[in-house]
Amino acid sequence: MHNDYYGLLISTLSFRHRWKWQIILPYGGHLTSNDDYSTAEEALLGGKHWIDRETAFNALNSCLAQFYSAGVINPPEYQNLMDSLRGITQRC
């Protein structure tokens with residue numbers, strides 16, 4: 001089972017009577033989930049959720065880095081915001 005999501009192919013792998021998602025990257029590499037899922041459908045949703053979470057983190061990280069580079073925020077503010085961002089995205 002597979003699904004195209006934002007141009008990335010998400011497939012499922014059967015592993016010891018459980019399922020994992022695997023994202024095939026455009027350059028041929030792949031990422032495989034550490035988590036196991038009960039069904040292939042749950043694994044696909046888990047892969048989509050991972051892409052969404054990583055995309056949000058990278059976008060916000062890029063914005064914060066630009067603010068820091070422009071002098072809008074200072075190093076401690078940047079560090080505190082990044083720590084908060086990591087905590088939020090890890091809980092999602």
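The values are calculated or read from the model by the stated rules, or taken from the named source; none is laboratory data. On a predicted model such as this, the values are computed, not experimentally measured, just so you know. A quick note on method: Cβ atoms are made from the backbone with ideal geometry, for glycine too, and the neighbour counts reach across all protein chains shown. Surface accessibility is based on the protein's heavy atoms, side chains included, excluding ligands, DNA and RNA. Shrake-Rupley method; radii C 1.70, N 1.55, O 1.52, S 1.80 Å.
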Could you tell me which residue of the range 1-34 is most open to solvent (accessible area, probe 1.4 Å), considering only residues that are among the small types (Gly, Ala, Ser) and under 17 Å from Glu54 (Cβ atoms)? Gly7
Can you find even one residue in the range 42-51 that is aliphatic (A, V, I, L, M), touching a Cys at 6+ places or on another chain (Cβ under 9 Å), within 18 Å of Thr89 (Cα to Cα) and open to solvent by less than 70 Å² (accessible area, probe 1.4 Å)? no
What's the number of the condition Ile23 fails, among (1) assigned to a strand (DSSP E or B); (2) among the β-branched types (Val, Ile, Thr); (3) within 22 Å of Leu81 (Cα to Cα)? (3)
Test each condition in (1) closer than 30 Å to Ser14 by Cβ; (2) modelled with pLDDT under 95 for Glu42 and report the one that comes out false. (2)
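Among the residues of the range 56-92, what is the count of those that are part of a helix (DSSP H, G or I), open to solvent by 70 Å² or more (accessible area, probe 1.4 Å), without any contact (Cβ under 8 Å) to a residue 24 or more places away in the chain and out of contact with any Leu (no Cβ under 8 Å at 6 or more places or on another chain)?
From the range 56-92, those part of a helix (DSSP H, G or I) are 56-69, 75-91; that's our starting set.
Subset that is open to solvent by 70 Å² or more (accessible area, probe 1.4 Å): 58, 60, 66-69, 75-77, 79-81, 83, 86, 88, 90-91.
This time we only want the ones that are without any contact (Cβ under 8 Å) to a residue 24 or more places away in the chain, so: 58, 66-69, 75-77, 79-81, 83, 88, 90-91.
Retained after the next criterion (residues that are out of contact with any Leu (no Cβ under 8 Å at 6 or more places or on another chain)): 58, 66-69, 75-77, 79-80, 83, 88, 90-91.
Within the range 56-92, residues that are part of a helix (DSSP H, G or I), open to solvent by 70 Å² or more (accessible area, probe 1.4 Å), without any contact (Cβ under 8 Å) to a residue 24 or more places away in the chain and out of contact with any Leu (no Cβ under 8 Å at 6 or more places or on another chain) number 14.
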